[in-house]
Amino acid sequence: MAKKIAVIGGGIVGVCSALDLQQAGHDVTLIDRKQPGRETSYGNAGVLSESSVLVINNPVLLRRLPGLMLNQSTGLRYNPLFLLKRLPWVLKFLSYCTKSHAQHASKALRALMLISIGQHKSWINEAKVSHLLRYAGWMKLFRTQKGFDGFSAEIETMAETGVKFTIYDREQIRQLEPGLAPIYEKAVLMDETCGVSSPAELTDAYIAMFIAAGGTVLKTDVTGLKPLDKGFDVIHADGALAFEEVVVAAGPWSADVAKWVGYDVPMGWERGYHMHLEPDDVPQLGRAAHDVEGGFAIAPMRQGVRITSGVELEHRDAPPNYTQIKKAVAEARKIHKMKGEIDAEPWMGRRPTLIDSLPIVGPAPRHKGLWFNFGHQHIGLSMAPGSAKLITSMIDGKAAPIDASPYRADRFPI
């Protein structure tokens with residue numbers, strides 16, 4: 001039975017939710033204050049991963065904490081005052097740095113990513129944007145043997161969860177990526193990981209399919225959520241609209257929306273930056289790559305060569321701090337020849353992270369017809385279609401394609 005459904009949030013998670021619900025026969029309105037796909041989902045390495053299975057809060061993080069406290073890592077920077085203000089959240093986050101949680105989370109992430117990558121491929125074909133898809137894998141690069149040895153926990157987790165990967169040595173890396181400086185001792189190529197050359201164009205293609213099939217996109221600022229006898233009023237800058245069901249998929253702003261109806265979601269933010277550089281006359285990269293010790297990723301994109309920074313732990317709405325991305329660009333220039341910067345200034349995004357590094361995908365505990373789909377941290381692009389399929393199956397009262405219990409909202413006292 002078709003229902004009138006609002007999806008709040010136009011990032012890739014919200015767009016996929018709206019598209020999947022619309023294709024299931026529902027009357028769906030996607031609401032966002034900006035053009036879909038231009039906030040958090042815009043800035044990433046374009047990786048459609050089925051291999052990012054080790055959560056950040058794992059036992060290795062505890063061993064690395066003394067070094068990270070120096071706050072000199074390109075891969076992770078933080079504002080000490082912000083962390084002090086959010087100390088209870090930080091301590092809860094660190095409390096999940098156990099082997100048992102890492103194993104539990106890796107299986108949950110892998111399951112969600114596997115159904116997502118299959119749906120991505122199907123939608124990409126349906127949208128006729130196969131030129132955006134590349135099958136060259138996703139590479140982790142290591143400058144030293146010590147750096148590679150530090151990756152052993154992730155290799156073990158990937159092997160346990162069925163990820164296919166290949167380890168390359170110095171000469172093999174040179175042959176695989178001749179455009180890279182020959183400074184890397186080891187590389188790990190995730191063989192079945194795909195990528196896209198423009199996350200924004202991918203989102204636009206999904207939106208075009210959604211609209212062509214009768215979906216509605218409403219560009220306005222949502223300011224409130226009011227429960228009704230049946231459904232909700234979504235209050236926005238231009239008035240209010242009534243819906244039978246509401247899906248909250250507003251990324252880093254989702255906790256604010258949930259709070260309007262009484263939920264206290266334990267959300268933090270991984271801020272990240274990127275900059276595009278003009279390609280030079282050297283062999284171009286065949287895939288996105290993560291320089292693990294350098295603390296940045298480099299990816300060939302339609303806009304140019306995209307350099308992405310590591311994680312910045314800071315308040316969601318604090319002013320940008322370009323120190324990290326400037327250092328990342330300087331490091332990237334050492335390993336791949338590029339011309340000038342294309343962007344007038346670096347882009348910044350905020351990725352929503354919950355204390356156990358797993359998303360919430362499912363019903364709100366105390367409100368019938370309210371659904372949560374957020375908290376995908378830095379791999380939302382890789383998990384968005386699978387999360388959408390879970391939400392659709394629940395709204396339709398059908399069996400979920402995978403076990404949805406790891407993503408329950410009531411796993412926290414919210």
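The values are calculated or read from the model by the stated rules, or taken from the named source; none is laboratory data. Nothing here was measured: the structure is a model prediction, and the numbers come from that model. Quick reminder, even Gly has a Cβ in these numbers, built from the backbone with ideal geometry, and neighbours come from all protein chains shown.
On inspection, Ala181 passes the criterion of being of a type in the set (Gly, Ala, Ser), at pLDDT 95 or above and outside any helix (DSSP H, G or I).
Counting only residues that are part of a strand (DSSP E or B) and either closer than 13 Å to Ala364 by Cβ or among the β-branched types (Val, Ile, Thr) (or both), how many does segment 225-260 have?
9
All of Ser17, Ser41 fail the test of being crowded, with 22+ Cβ neighbours inside 10 Å, at pLDDT below 95 and in a helix (DSSP H, G or I), apart from Ser41. The residue that is farthest from Arg287 (Cα to Cα), among those in segment 177-214 that are in contact with a Ser or Thr (Cβ under 7 Å, 6 or more places away or on another chain) and β-branched (Val, Ile, Thr), is Thr203.
Residue-by-condition table, conditions (1) at pLDDT 95 or above; (2) assigned to a helix (DSSP H, G or I); (3) acidic (Asp, Glu):
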site	(1), (2), (3)
Ile56	no, no, no
Leu61	no, yes, no
Pro66	no, yes, no
Leu70	no, no, no
Thr74	no, no, no
Arg77	no, no, no
Pro88	yes, yes, no
Leu91	yes, yes, no
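Mind checking which residues of segment 112-132 are among the aliphatic types (A, V, I, L, M), touching a strand residue (DSSP E or B) at 6+ places or on another chain (Cβ under 9 Å) and under 13 Å from Ser382 (Cα atoms)? Within segment 112-132, Leu112, Met113, Ile117 qualify. Based on what the data block shows, is Ile124 in contact with a Gly (Cβ under 6 Å, 6 or more places away or on another chain), surrounded by 17 or more Cβ atoms within 10 Å (Cβ to Cβ) and at pLDDT 95 or above? Answer is no for this residue. The condition (being at pLDDT below 95 and either over 30 Å from Lys337 (Cα atoms) or among the hydrophobic types (A, V, I, L, M, F, W, C) (or both)) is satisfied by just one residue among Ala102, Ala159, Ala111, Ala136: Ala136. Is it the case, given these coordinates, that Thr161 is among the hydroxyl-bearing types (Ser, Thr, Tyr) and touching an Asp or Glu at 6+ places or on another chain (Cβ under 7 Å)? The answer is no for Thr161.
Of the residues Val47, Val53, the single one that is in contact with a helix residue (DSSP H, G or I) (Cβ under 6 Å, 6 or more places away or on another chain), in contact (Cβ under 8 Å) with a residue 24 or more places away in the chain, buried (at least 22 other Cβ atoms within 10 Å of the Cβ) and at negative phi is Val53.
Taking segment 80-98 as the search range and keeping residues that are surrounded by fewer than 16 Cβ atoms within 10 Å (Cβ to Cβ) and over 19 Å from Leu70 (Cα atoms), which one is farthest from the chain's Cα centre (by Cα)? Within segment 80-98, the match that is farthest from the chain's Cα centre (by Cα) is Pro88.
Please verify whether Ser51 is among the hydroxyl-bearing types (Ser, Thr, Tyr) and not in a loop (DSSP other than H, G, I, E, B), treating the condition exactly as stated. Against the criterion (among the hydroxyl-bearing types (Ser, Thr, Tyr) and not in a loop (DSSP other than H, G, I, E, B)), Ser51 does not qualify. Once segment 144-176 is narrowed to residues that are part of a loop (DSSP other than H, G, I, E, B) and touching a Lys or Arg at 6+ places or on another chain (Cβ under 9 Å), the residue that is nearest to Asp280 (Cα to Cα) is Thr144.
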